[in-house]
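The values are calculated or read from the model by the stated rules, or taken from the named source; none is laboratory data. The structure presented is a predicted model; accordingly, all values stated were derived computationally and were not measured. Note that each Cβ is placed from the backbone with ideal geometry, even for glycine, and that neighbours are counted across all protein chains shown. Accessible surface areas use protein heavy atoms only, side chains included; no ligands, DNA or RNA. Shrake-Rupley method; radii C 1.70, N 1.55, O 1.52, S 1.80 Å.
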Amino acid sequence: MFKVTTPAAMNEAFARAFNSRHIDNLLSLYEPEAALRTDPSNQTCRGKPAIAAELGKLLEVPGVMVSRNNFCVEVDGLALLRADYSLTSPEGRTILAGSSAEVVRRQANGSWLYVIDHAAGASLPRVEGYEGFMQQSRCAPRPSPPNPPPAPLPSTSARR
C-alpha cells in the first residue's frame, strides 16, 4: 500500500502503484466514495468497487507508467492536480499517453487520497471563446453585479 504525504506526490505514487501491478496498491490511493473518469465521456465510476473494475482494465495494458505532476494548487486540505502520463513498452514505444486532472483531500492521518480522478480531464479539447464555454458548461452563468450608481457631482458651492 502507498501513503502519500504531500499532494504534489500523488501522480508519482499512482505510477508506482500501477507499475506494481497490484490493484490494492492503486485502490489505496482513493477515498471510499471517490469518483473516477477514464475517458472524455460522462461515465463516472463512483466508489471503490466501481473504481477497482475500471482500474483492473487499466492493469491489463502492458507497459511501464511514468507520471509527471504539472501543478498542485492546495487550499484548506484540498488540492487540484494536473499531470502528464505515459505508458511505454519494453521496446520504448508509447502505448498510451494523456493528461489528467485530479482533486485530492488530506485525511485525518495526514495522508492524501483521490476524491476525483479524471484520467483524460486535462487532455480534453480546449474551449475557444466565451460562447463555446457557455455552450459546454453545465453551470448556470453567474449574474453580473449591478453597476454602482455614479458618484454625485459636488454642489456648486463646494466647488468654490
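Observations
- Among the residues of region 85-113, those that are closer than 20 Å to Leu26 by Cα, among the charged types (D, E, K, R) and more than 11 Å from the chain's Cα centre (by Cα) comprise Arg105, Arg106.
- Lone qualifier among Ala53, Ala101, Ala108 - being over 16 Å from Ala13 (Cβ atoms), surrounded by 18 or more Cβ atoms within 10 Å (Cβ to Cβ) and without any contact (Cβ under 8 Å) to a residue 60 or more places away in the chain: Ala101
- Hits in region 71-94 - residues which are farther than 15 Å from Leu113 by Cα, in a strand (DSSP E or B) and open to solvent by less than 60 Å² (accessible area, probe 1.4 Å): Ala83, Asp84, Tyr85, Ser86, Leu87, Thr88
- The residue that is nearest to Arg46 (Cα to Cα), counting only those in region 101-117 that are part of a strand (DSSP E or B) and in contact with a Lys or Arg (Cβ under 7 Å, 6 or more places away or on another chain), is Val115.
- Number of positions in region 1-59 that are more than 18 Å from the chain's Cα centre (by Cα), modelled with pLDDT of 95 or more and in a loop (DSSP other than H, G, I, E, B): 2
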